[in-house]
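> Take this structure, written in structure tokens, and hold onto it; I'll ask about it next.
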Amino acid sequence: MSSPQTPHAPHELHCPRCHSTHLVQRATARKVGGVLGAAAGTAGGIASAGAGAATGARLGSLVGLIAGPLGAPIGGLAGALLGGLIGGATGGLAGAQLGDVIDRKVLDNVECVACGHTFQSDEPVSESP
Ligand SMILES: [Zn+2]
């Protein structure tokens, strides 16, 4: 216990203009990416659910032999619905992740509260209490 190290953050991010540490993270592209990704994912999910719907329809008609003639359309509908839901969820996630990368690599993702300066940083902003 004879090597005291200062318990201070090694990389405290501060504003390059006024050196304030009062910074906030901006997530412009992340938000846009999430919305666009969800929309594209839903559309793609429903489109690719054609295959799922066909499988569902086949399965449904198989079950339909027992359950009646309604089995096939219900199976197809469930397939398209599931495809759209899963596509939207994964698309939104992928869009948000892509947006996150754009935010960090391309856009100014950190904003200084003190002087309003925006700049780009790879490091996450540690918000002080
Ligand atoms: Zn500043």
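> Hey, among P4, P10, P16, P69, which residue is at pLDDT 80 or above and more than 21 Å from the chain's Cα centre (by Cα)?
One residue alone meets the criteria, P16.
> Here is a further query. Within segment 18-32, how many residues are more than 15 Å from the ligand (Cβ to nearest atom) and of a type in the set (D, E, K, R)?
Adding up the residues that qualify gives 2.
The values are calculated or read from the model by the stated rules, or taken from the named source; none is laboratory data. For clarity, every value in this text was computed on a predicted model and none was experimentally measured. Note that we place each Cβ from the backbone using ideal geometry, even for glycine, and neighbour counts take in every protein chain shown.
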